[in-house]
1. I'd like to know which of Gly379, Ala144, Gly111 lies farthest towards the positive end of the charge dipole of the chain, counting +1 on Cβ of Lys and Arg and -1 on Cβ of Asp and Glu.
2. Run the simple label-point estimate for Asp23 and Thr51 please: 7 Å along Cα→C-beta, distance reported in nm.
3. Under the rule of at least 5 residues apart or a separate chain, name every residue whose amide H is placed under 5 Å from the amide H of Val5.
4. What label, among (i) 1.02; (ii) 0.93; (iii) 1.13, belongs to Cα Rg over 2.2 N^0.38 Å computed from the structure on display?
5. Please list, in order, the residues from segment 281-317 whose amide nitrogen is less than 18 Å from a point placed 7 Å along the Cα→Cβ vector of Leu506.
6. Using a 7 Å offset from the Cα along the Cα-to-Cβ direction at both Met403 and Gln485, what is the distance between the two label points in nm, to one decimal?
7. Once fully extended, how much extra length lies between Glu34 and Asp493, figured as 0.36 nm per residue of separation less the alpha-carbon to alpha-carbon distance?
8. Could you give the length gained on full extension between Glu261 and Ser388, defined as 0.36 nm per residue of separation minus the Cα-Cα distance, in nm?
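Throughout, read-outs are computed from the coordinates displayed, never taken from laboratory work. Only a predicted model underlies this, so the values are computations on that prediction, with no experimental measurement involved. Here the Cβ positions follow ideal geometry from the backbone for every residue, glycine too, while neighbour counts run over all protein chains shown.
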Amino acid sequence: MEKVVLDGKNLTLEQVYKVVYEDAKVEIAPAAMERARKAKKVLYKMVEDETPVYGTNRGVGWNKDRKVYSEYFDQYNKNLLRSHSLCVPPYCTEEEIRGVMLMRLNTALYGCAGLSPEVLARYRDFLNLGIHPLVPRRSSVGEADLAVNAMIGMSMIGENDVVYKGKVQDSVETMKNLGMEPLTLGAKDGLGIVSSNSQSAALAALLLKELGELLANSNLIYCIGLEGLNGQVQQLDKSVTESRGFPEQTECAQLCLEMLEGSFLLDGTEGKALQDPLSFRDSAFINGAVLECARLLKYSLEQQMNHSDDNPCVLPEEGRVSVSCNFEPLNLALKAEMLNIALSHISKGACHRILKLADPDFTGLPRFLSPDGGKTVIGYSTIQKTFSSLDAEIRLLANPSSMDFFALSGYIEDHACNAVTALEKGFKIIDNLRYILGIELMHGAQAVDLRKNYKLGKKTGPAFHAYREIVPFLDKDRKLSDDIQKSYQCIKDCTLLKAAGIEAKL
């Protein structure tokens, strides 16, 4: 497998996914390592000159006035890691930890962190050898994800367990078996390890991957439901959407038309309403708006992961160190919160489409899509409680949280944005949406079967038939919880996208 070369400035999301999910090996570009060495020399020069430098020869936070003597650098920096190791469960997944280490390594290689080359090499080696620190995920208020980063550092100095080859192991023993010794830390190494928004950046990257898959599924399931409804497609016309002027909405509409190519829906308007309810007319526009929000988050993430977020900021070319607030991740937090709100609109639209598909006044099909008109089979009646409950959770999760913080560390740290919290809510919203879209898929497929017009689209057809191999037609009442879970898994595993040959990307 081709290695991913890190230089602090050109990391792509595709490379992130290769490292996180495919265990691609990483290399450090020689020029980037040389920048790191120059930054370290600047720090040591300032220490020799007894120039006060935050987190180097002075303490951090409220202790910024406390002097740190060079002979105690290793002890002080290890104490900094220990004192910041205070996360609480649940634990980060191995993929998340790989993402966090990768993000911290790349931003440090930008050249402003002042981390020792030995520390940078340890991030690389942990990634390449599959050594994953065991770290609880909750602790960050934004403004650098201190505790998660600290516990990764604790594994590097041999004071926190790791997961290696699927087993929790002592980090000292693991490193020893692989020819490594616990790290000795130098000036600013402790602060350089902890002071980064690498957890936020990693979560944003992983969230965007899941979001791309969700949006592709949402478009596809909407199209299957549109065939079940015998709905209009005029709203997807390129000339119509381009007159609106938002490119992501036109993009989603065109994707839907491609999925429906060859469908009976394109043969004419016989039997169709003049126009469908907004939840059907509007779906591509809603998904397009979400796609726009996702791309704004992607832009902020690409800036975050390819620049420095260090305080103080070491400027090796200028031979100086400056106080900074480069650790401020508000750009990520605000985009994440906007995205959460946007996702709640996908939920509302899907729920309304489910309700319409169960209503004979809109479909001309039996109530609740019962195969015998409700004589002996109830069909999809009570299932409405389930998606209503899931949507209520999404509504709660979409509430902004970036404004909820205290002034900490002796009232010095009096701003925060809870970037990690906002992003973690996004994962929960997406997971709820998998269930809701799964229920929409159940209804759309049932309506297609009841309509008995199987001239489906070139993408919706293969997806429909693949789905029916997993969840059969509801010919009699059965335990629907199983059908919901199977439908959820189809979406999570991208089963229908693969069957239809659809690539999920932002």
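1. It is Gly379, whose Cα lies furthest towards the positive end.
2. Between Asp23 and Thr51, the label points sit 4.6 nm apart.
3. Answer set, sorted by chain and number: Glu27.
4. It is the value labelled (iii).
5. 286-307
6. 4.1 nm
7. Contour length minus the Cα-Cα distance gives 161.0 nm.
8. Result: 42.5 nm gained on full extension.
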